[in-house]
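Structure first, then comments.
The values are calculated or read from the model by the stated rules, or taken from the named source; none is laboratory data. Since we're looking at a predicted model, the values are computed, not measured. Backbone-built Cβ (ideal geometry, glycine too); neighbour counts: all protein chains shown. For accessibility, only protein heavy atoms count, side chains too; no ligands or nucleic acids. Shrake-Rupley method; radii C 1.70, N 1.55, O 1.52, S 1.80 Å.
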Amino acid sequence: FDERGVVDDADVLRQRDAAAIRCLSALDREIDGAGVAGRELPAALAEARAKFSRLCELIVSGAATKAGGRLRDLEIALVRAEDDLVEARAAHLRQAVQRRRRGDPPPMSAPEANEAREALQRAHALLVVELRQIAGRAALGLIEVVGTQGLARVLRIVGRAHGDPLLEQLQRHVRWAAAQRDTEGDLEPPPEARRPTAAPPVRLAAFADETSLSVAEDEALTRPEGLDGYTDLRDAPGLEGLRVARRHGELVALKEHLDGKSAACRRELRALKALKHECVLRLQGFFSQGSAVHLELEWCAGGTLEAWCRRHLGAGGMADVEA
């Protein structure tokens, strides 16, 4: 092992197996003789017998071969838990950003992220337990178990959390690390363990280009029920293309773009989505109906900006009104 960093000599391992069986048989005879003679059984003898019995069980059951499969399954579970935590944190951050853009208070908690963090902690603990079991089996004499494929990679993931002296010694063993690198490869979950690829966000047909807003990203702004979601719908006096309606009892303004794919429509939608200020109309929602796109805006009962300028000429002057 010191020379090659791995024990894979079949003859040497067969000699080990035979020696273990001989030692166990000798210990059994000694224990049986002590029982017949009525002698007190030394504690060291009983401990040795238990260790050789366990080693023989591991050899017969093929524990060294099975260790690779268990380790791989636990590593995949840990990788999956890490990915889930990253996705949960990203979703929480995305929600916080969307609420900030709408002027809403940030979300108070992230239960999905907390659950994902707990799942990651459980996966990490199970992996540490498996590593300690591997170290214990190697200490018993099942030395080939330290050649388990991917063991070095798992130790890198876990770091020093295992707290096992033998594993720490392995991590410092240059030849063992080199042998592991030659065999470990990349962790690629089998097809049945892979997560389905997420479908791309559904986009409104009227904005199906690089400037569109996705329903997944702006779900709170979409109005899938269209005009049916509004009551008391009527034209705004003196304002072409603008209507007044009620949504959930509150007055809102509905601005219609007959050509939802026009540059003007996309430009206004992008601007309203980006601008968050008390002096700028707030975009509350949007939806497409046929080829037209409707923007739901907050209702300002004070009239148009032009009318306000005409009433307050001293504030800006005629040049501002004409502009």
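Odds and ends about this structure:
Per-residue answers, yes or no, for (1) in a loop (DSSP other than H, G, I, E, B); (2) open to solvent by 10 Å² or more (accessible area, probe 1.4 Å); (3) on the phi > 0 side of the Ramachandran plot:
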| residue | (1), (2), (3) |
| --- | --- |
| P106 | yes, yes, no |
| S109 | yes, yes, no |
| Q121 | no, yes, no |
| A135 | no, no, no |
| A161 | yes, yes, no |
| Q169 | no, yes, no |
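Matching residues to (1) under 30 Å from V154 (Cβ atoms); (2) in contact with a strand residue (DSSP E or B) (Cβ under 6 Å, 6 or more places away or on another chain); (3) modelled with pLDDT of 90 or more; (4) of a type outside the set (V, I, T):
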| residue | (1), (2), (3), (4) |
| --- | --- |
| A18 | no, no, yes, yes |
| I21 | no, no, yes, no |
| D28 | no, no, no, yes |
| G35 | no, no, no, yes |
| A64 | yes, no, no, yes |
| G69 | yes, no, no, yes |
| D83 | yes, no, yes, yes |
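- Beta carbons closer than 6 Å, at least 6 apart along the sequence or on distinct chains, pair a first residue in region 207-235 that is among the polar types (S, T, N, Q) with a second that is at pLDDT 50 or above and outside any loop (DSSP other than H, G, I, E, B) for T211/R266; T231/R246.
- Complete set of residues in region 252-285 that are open to solvent by 60 Å² or more (accessible area, probe 1.4 Å) and in a strand (DSSP E or B): K255, E256
- Meets criteria (out of contact with any His (no Cβ under 8 Å at 6 or more places or on another chain), polar (S, T, N, Q) and under 30 Å from K273 (Cβ atoms)) for Q15: no
- Yes/no for C23 being closer than 16 Å to G141 by Cα, touching a residue at least 24 places away in the same chain (Cβ under 8 Å) and open to solvent by 40 Å² or more (accessible area, probe 1.4 Å): yes
- Qualifying residue in region 139-156 (condition: more than 24 Å from I59 (Cα to Cα) and open to solvent by 60 Å² or more (accessible area, probe 1.4 Å)): yes
- The selection criterion, being touching a residue at least 24 places away in the same chain (Cβ under 8 Å) and either within 30 Å of G285 (Cβ to Cβ) or part of a helix (DSSP H, G or I) (or both), does not hold for L93.
- Test for E30: is it over 30 Å from R172 (Cα atoms) and assigned to a helix (DSSP H, G or I): yes
- Cβ-Cβ under 8 Å pairs, at least 6 apart or on other chains, region 132-146 side in contact (Cβ under 8 Å) with a residue 40 or more places away in the chain, far side of a type in the set (S, T, Y): I134/T148
- Scanning region 286-311 for residues that are at pLDDT below 80 and either part of a helix (DSSP H, G or I) or surrounded by 12 or more Cβ atoms within 10 Å (Cβ to Cβ) (or both) yields G303, T304, L305, E306, A307, W308, C309, R310, R311.
- Hey, R14 at pLDDT 85 or above, assigned to a helix (DSSP H, G or I) and open to solvent by 90 Å² or more (accessible area, probe 1.4 Å) or not: yes
- Within region 137-151, the set of residues being assigned to a helix (DSSP H, G or I) and touching a Leu at 6+ places or on another chain (Cβ under 8 Å) comprises R137, A138, A139, L140, E144, V146, L151.
- Scanning region 79-104 for residues that are more than 12 Å from the chain's Cα centre (by Cα), among the small types (G, A, S) and open to solvent by less than 50 Å² (accessible area, probe 1.4 Å) turns up just one, A96.
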